[in-house]
């Protein structure tokens, strides 16, 4: 019986345990439009110490041969709820009886869907999805709690098993998913509860000795415009609502999801509101009819709607909106495939690479550290055996904070 060799993609433990490293011989896409042929990248203490195409190779350092590879800034996933161990939601308080007395104001104990006290940086559990992240080329992700109206503070985290300080950013908000029954059970109620909570927290912040409230404390940075509200908003109407809330309370807004953002491209550009776009557009719907299927007019309408949304980022690019890509599919195995599909529809390679690297770094306030490959920045890189836009190109290694995680084909 013929024996078949089974080839598996195996994540090896980091081959470089120290953080001093020299990467030699690759084609380096710096991330700002500059390309270095036969590049040399020297890494010390987890940061890029030197980078260039005609640098002497230091003697005695761990070396990574990148000949034949293309090196990019580490990809940054613009939004994910994976790899978090969130605490259980607090038990709902008992509402006061309204059978005999109608209260003149909203019950202060109504906190359904309000978890502003959550801090993603304190809830990280990266091990489970680390391998999947690396295979997609991710070296960092913006992680957020998800679920609820005011969801808590997100954080940019690095995909490494070494210790690091996550970067807190943004108070995640939504107009959906308050959870449970009763108020706020409608969109109108959700908007009212969100606004009332913000007003109460705003008043709380002005008191000299307020009674301690963890949710109101958690909202102070965004109410002082020290960070942004990251609004989960797909529809045109929700995007407009998010912008109005930002104007009402005076804080900057980032739109996450952004399915219909192209419909308000000029407004987003004029207000300098960045967006985080899920790059998964799905397959183009077929217009082929069948005896028991919908009429051709319905099929064509579905295709046209798909095409409009598939061209979302292209319209955002034309409007001058800063956008980053996100991926939330299980395993992220289709991330590069989805990006390539957008390039196939007309998105430029440079805009796609920016949306994967420097744009999210700029949005999350870490452009001085990551997003491009420059001296003094964190050594987060992805090595591929070809151009990222080429369907045959695959991730070979990632470097996170100077530590190498390498993938090799091994026979079992």
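Does residue 214 satisfy the criteria of being within 29 Å of residue 127 (Cβ to Cβ) and touching a residue at least 12 places away in the same chain (Cβ under 8 Å)? Step through it out loud before you land on a result.
Numbers: within 29 Å of residue 127 (Cβ to Cβ): yes; touching a residue at least 12 places away in the same chain (Cβ under 8 Å): yes.
Judged against the criteria, residue 214 is a match.
Is at least one residue of the range 110-118 part of a loop (DSSP other than H, G, I, E, B), out of contact with any helix residue (DSSP H, G or I) (no Cβ under 9 Å at 6 or more places or on another chain) and over 20 Å from residue 239 (Cβ atoms)?
no
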Got a number for residues in the range 341-374 being on the phi < 0 side of the Ramachandran plot and part of a loop (DSSP other than H, G, I, E, B)? 13
Selection status of residue 321, outside any helix (DSSP H, G or I) and surrounded by 13 or more Cβ atoms within 10 Å (Cβ to Cβ): yes
Within the range 46-57, residues being surrounded by fewer than 19 Cβ atoms within 10 Å (Cβ to Cβ) and at pLDDT 95 or above number 4
When only residues in the range 155-171 that are assigned to a loop (DSSP other than H, G, I, E, B) and at pLDDT 95 or above count, which is nearest to residue 402 (Cα to Cα)? 160
Could you tell me whether residue 381 is closer than 22 Å to residue 258 by Cα and buried (at least 20 other Cβ atoms within 10 Å of the Cβ)? no
Residue 350 passes all but one of (1) touching a helix residue (DSSP H, G or I) at 6+ places or on another chain (Cβ under 8 Å); (2) exposed (fewer than 15 other Cβ atoms within 10 Å of the Cβ); which number fails? (1)
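The values are calculated or read from the model by the stated rules, or taken from the named source; none is laboratory data. Just so we're clear, the structure is a prediction, and the values are computed from it rather than from any experiment. Positions of Cβ are backbone-derived with ideal geometry, glycine not excepted, and every protein chain shown enters the neighbour counts.
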